[in-house]
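Read the structure below first, then the notes.
FYI, it's all coordinate maths here, none of it is from the lab. This structure is a prediction, so every number in the text was calculated from the model and none was measured. Don't worry about glycine lacking a Cβ; one is built from the backbone with ideal geometry, like all the others, and counts go over all protein chains shown.
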Amino acid sequence: MPVPVSALLGSPRRLMSAIVLFIALDLSVLLINLWIAEQVARDAVAINLAGRQRMLSQQTTKSLLLATRPTPGEETSLGRAEAQQAFGLFEQTIVAFADGGATRGGDGAAVQLQAVRGESARIVARTRQLIAPVSAMLGSAAATPGASLEPAARYMVGNNREILDLMNRLTTTLEHDSVSRTRQLRLIQTGAFVLALINFLVIVLGMVRRVHHVEQDRQRWQRLARHDPLTGVTNRKAFEESALGILPRARMDHEGGAILLIDLDGFKQVNDRYGHAAGDEVLVSLADRLMRTARATDVVARLGGDEFAMLCPQLHDRVDVEQFCERLVRACNDLPAPPGCRVGVSVGVATYPDEGFELTRLIELADQAMYAAKRAGGNRHYILCPPPGRA
């Protein structure tokens, strides 16, 4: 039987909420992954530019020396231009590291940097303090044509080692910060993924549990529809369904069997004197005796009132039928009954293939045999003899 989706999680609203939460968590994992990729790319650019600062510092020093101490054949103007260009890019990048902003990458394209924090910010601040005099000297030289760059050259030679050390530290710190930041983002991403997984498992387990409950309810209702609520044995409908499945197979396989109708003797006296509650106790006891006597292949049913039926396939001959009926009557001889009341059973039997395989016909003949047993005094069984020529 198909299970409606609304039954799986109790309500469509609950199902929709679980699905929306699952999608939101999945999207957050995706967005965090994109965030990580973008952050790693930015960090890579910053680390690369921090490494380039070392080269620019050395290039500035070398260009200043070229401008102040030229070798034969070298032009000082070329050194001055290179020094201004290299230091300008160095200073622009340091300012971008400090305050956030644009600088130029290795290909000349604009690159946007984020302001550094923590140890990186302290390194950048010290670097800005250290190069401030050079910035002033080069600015003054640019404003005054022919001004000497000797003070700037001496300053850079004297402080270049510290500047290089600061840029090495900046590169290392940026690398460490990048790894730490990426690790934190990965933890957030993992947490979101775990939450999404837990939510998914909750949905699945909830659906499984709900399906289990629905299946239990279905089986319970099926049992109620096919079983007598008082005694627990099958009802008339289930008995007829079982018989309509067994009898055609018996016909094809040429197998014998019997249908028994069982009616309580003295039951009316119990109901009249002690009420229906006492009568119900007798009916429950009878059903229990019938079930204990029945074989695994037999079907026991309550047809209504104090009338029960048994379908007993594969009772191959009359001797087997007789023995089974005698055992059944003995089992019901001592049914518990209220004081002053004695109950027993009258059993009517119709056999197949002797009487054919039609269920209605077999029940009718078993009913006739049962009344014959009652007329004979009750507490016994009666088997209809097959007509001459069919024995």
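Observations
- Evaluating kT/(6 pi eta Rh) at 20 °C and 1.002 mPa s, with the Kirkwood radius of the chain over Cα pairs in the Stokes-Einstein relation, gives 70 µm² s⁻¹.
- A straight Cα-to-Cα reach below 27 Å connects Lys237 with the lysines Lys268, Lys374, residues fewer than 8 places away in its own chain not being considered.
- Placing unit charges on the Cβ atoms only, positive for Lys and Arg and negative for Asp and Glu, gives the chain a dipole magnitude near 1220 debye about its Cα centre.
- For Val233, residues with placed amide H under 5 Å, excluding near neighbours: Asp228
- In sequence order, calculated HN-Hα J values of segment 148-156 (Karplus, 6.51, -1.76, 1.60; Hz; x Gly/Pro): 6, 9, 4, x, 5, 5, 4, 4, 5
- Derived scalar couplings ³J(HN,Hα) [segment 43-55; Karplus, 6.51 cos²θ - 1.76 cosθ + 1.60; whole Hz; x for Gly, Pro]: 5, 4, 5, 4, 5, 5, 5, 5, x, 5, 4, 4, 5
- Estimated vicinal HN-Hα couplings, Hz - segment 114-123 in sequence order (Karplus 6.51, -1.76, 1.60; Gly, Pro = x): 8, 5, 7, 10, x, 4, 4, 5, 5, 5
- Cα-Cα pairs of segment 62-134 separated by more than 19 Å (percent): 47 percent
- Check: segment 312-356 dipole with +1 on Lys, Arg Cβ and -1 on Asp, Glu Cβ, in debye: 280 debye
- Using bins of 10 Å that start at zero, the share of Cα-Cα pairs per bin across segment 234-383 amounts to 12, 44, 33, 10, 2, 0, in whole %.
- Residue exposure sequence - Ser63, Ser148, Ser285 - by fewest surrounding Cβ within 10 Å: Ser148, Ser285, Ser63
- With K and R counted +1 and D and E -1, the other residues having a Cβ less than 15 Å from that of Gln314 yield a net charge of -2.
- Between the amide H of Val345 and those of Asp265, Asn379, Arg380, distances stay under 5 Å, these residues lying 5 or more places away or on another chain, with hydrogens modeled in the peptide plane.
- q = 0.13, 0.16 Å⁻¹: log10 I(q)/I(0) that the Debye formula gives for segment 5-205, counting C-alpha atoms only: -0.76, -0.99
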